[in-house]
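The values are calculated or read from the model by the stated rules, or taken from the named source; none is laboratory data. Since we're looking at a predicted model, the values are computed, not measured. Glycine gets a Cβ as well: all are built from the backbone with ideal geometry, and neighbour counts include every protein chain shown.
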Amino acid sequence: MDKRFYRQKTCIIFLICIINLTIGCSSIIDARKQKQAYINTYYSGDVTLAAKDFSEKSKDRSNTGDKLMWSLEAGTANYTAGEYQISMREFEKSEAYIQDFDRRAVINVRAAGAEIGSAVSNPNALPYQGMYLDRVMLNAYKALNYFVLNNPAGAQVELRRMREAQKQVVKKFADDIRTSQKEIDAQVQKNQQQSRSLGNQNTNITFNSIVKNPAVNDAYTSSANKANKLFGSLANPFVSYFSALGYLIENNYGEALVDLRNLYRMDPDNQLIQRDYVSVAKRIGSEIPIQLANVQPYKYPLNSKIVYFILFNGRAPALKQEKFQIILPYVGYTGIAFPRYEYFPVALSGLEVDYSYNNEMQSVSTEQVSDFDAIMSQEYHDRLPSMITRLVVSTMTKELASYAIVHAAKQRQSRSSGLEIGAYALTGIYKFLFNTADTKGWETLPKEVQIAHIPIPDDSVLKISPIGSTGLVKEITLKKDTNIAIVYIRALSANKLIYKLIELP
């Protein structure tokens with residue numbers, strides 16, 4: 001028996017073991033499954049336990065590729081549980097992780113190492129760098145933390161960072177798509193070169209051919225149907241509304257008007273946005289679109305003696321693993337794991353607020369301002385062509401390597417009939433174990449954001465209840481010296497509502 005061949009075979013086995021140990025078990029078990037118990041605890045309403053569990057996991061995973069994912073979840077859970085200082089620390093960690101990713105060059109040693117890990121294992125080897133929604137909502141949550149900690153100056157800093165992040169994401173997203181395509185093209189070229197040395201089969205597979213697969217086509221069309229057609233690419237209307245609110249708190253009607261004008265362009269039929277836009281425009285004597293000529297402004301100012309209601313409603317979509325079959329050169333049918341969104345039902349249709357004003361009982365309902373299903377689906381849909389193509393190219397790379405191993409075994413078959421069988425078994429088990437979709441994501445985000453506002457009631461009493469419900473009335477009494485109040489409501493389910501009151505003098 002050729003001892004050199006045994007040495008080669010042993011090296012291959014040790015290489016796989018080293019890769020497995022280096023990359024970690026998250027390369028085999030997808031993130032969605034790893035987090036499921038924690039997410040179930042959170043949405044069941046036991047937010048104290050969820051915050052504790054997420055914090056421990058964030059600490060435990062601080063040196064891994066999914067550290068950003070866990071710190072974002074820990075930040076949200078701790079905010080919901082009222083652990084604001086811990087929440088701030090987790091979000092500051094998240095921000096530092098993102099800044100570290102952004103400081104890296106497009107091609108450097110760490111990125112190259114990550115790409116190699118992805119090529120020989122799967123996309124779970126790559127670190128989670130956050131969706132673009134994550135980057136914006138990170139600062140929004142930090143602002144909410146500062147507000148509830150009675151630090152409006154700190155909140156305003158985070159609102160400015162939030163605005164800047166929103167401006168940057170569109171350009172960065174376009175740059176990332178271009179970079180990804182260049183990497184795909186380079187790997188395709190390498191595969192074609194190796195293919196020529198093995199038999200010269202065509203290994204150039206395009207997304208136009210891949211999308212004909214029923215599973216891929218369904219993910220592509222369903223995300224297109226959910227996508228953010230109304231708001232515009234990667235835009236988050238909640239960010240614009242929260243930004244406008246921040247400007248109003250600072251008595252800056254001019255900048256608030258800019259945000260509200262942008263909101264009106266995103267969603268021209270939204271009645272809340274229409275009236276806010278008209279109210280602010282008339283306050284500073286700005287021109288109003290002819291389409292809004294009949295819209296009446298509010299009879300109360302939007303920055304004094306007012307209560308804002310911010311409802312974070314339901315559960316954002318979460319990535320789940322799915323597989324599709326594709327015919328590849330050399331190996332025929334091959335299963336490829338990829339992530340696609342699972343969507344969840346809305347927790348509440350909205351909230352109703354009853355209050356007394358000018359000695360009359362009045363009522364207002366929250367209105368949807370931001371649809372996170374649509375925003376997240378837009379980014380997913382835009383990324384899907386390059387993501388799926390990368391997966392196929394990566395699989396092709398691994399299949400070529402597998403074929404090369406088996407081919408080498410065949411050449412030596414005359415000396416040992418068991419070599420080819422062993423090579424098939426080795427490469428087959430390896431490919432099976434590492435065929436895992438990258439399902440990392442921020443799952444404690446809401447499905448949607450709804451907004452309402454009212455003048456401070458005569459008796460300072462607010463009565464809030466889910467629309468259509470008679471037994472879940474929450475009564476809140478404001479301080480007498482409150483000038484602006486923000487009532488944040490997190491609806492984890494129809495029966496699990498968490499309220500936070502922020503009062504600014």
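Some notes on this structure:
- Qualifying residues in the range 477-498 (those that are over 16 Å from Asn145 (Cα atoms) and of a type in the set (Ser, Thr, Tyr)) - the one surrounded by the fewest Cβ atoms within 10 Å (Cβ to Cβ): Thr477
Residues checked against (1) touching a residue at least 24 places away in the same chain (Cβ under 8 Å); (2) hydroxyl-bearing (Ser, Thr, Tyr); (3) crowded, with 21+ Cβ neighbours inside 10 Å:
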site	(1), (2), (3)
Ala37	no, no, no
Ala51	yes, no, yes
Lys59	no, no, no
Met69	yes, no, yes
Glu73	yes, no, yes
Tyr79	yes, yes, yes
Tyr84	yes, yes, no
Ser87	yes, yes, yes
Ser94	yes, yes, yes
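- Within the range 314-352, considering residues that are out of contact with any Phe, Trp or Tyr (no Cβ under 8 Å at 6 or more places or on another chain) and under 16 Å from Ser394 (Cβ atoms), the one modelled with the lowest pLDDT: Pro329
- Search result, residues across the range 449-488 that are within 11 Å of Glu352 (Cα to Cα) and among the charged types (D, E, K, R): Lys463, Lys474
- Members of the range 270-294 found to be touching a Leu at 6+ places or on another chain (Cβ under 9 Å) and assigned to a loop (DSSP other than H, G, I, E, B), listed by number: Asn270, Ile284, Ser286
- Qualifying residue in the range 217-228 (condition: modelled with pLDDT under 75, under 25 Å from the mean Cα position of the chain (by Cα) and not in a helix (DSSP H, G or I)): yes
- Subset of the range 350-366 that is surrounded by 16 or more Cβ atoms within 10 Å (Cβ to Cβ) and not β-branched (Val, Ile, Thr) - its residue that is farthest from Asp382 (Cα to Cα): Tyr355
- Of all the listed residues (Val278, Val258), the sole one being over 20 Å from Arg163 (Cα atoms), among the β-branched types (Val, Ile, Thr) and out of contact with any Ser or Thr (no Cβ under 8 Å at 6 or more places or on another chain) is Val278.
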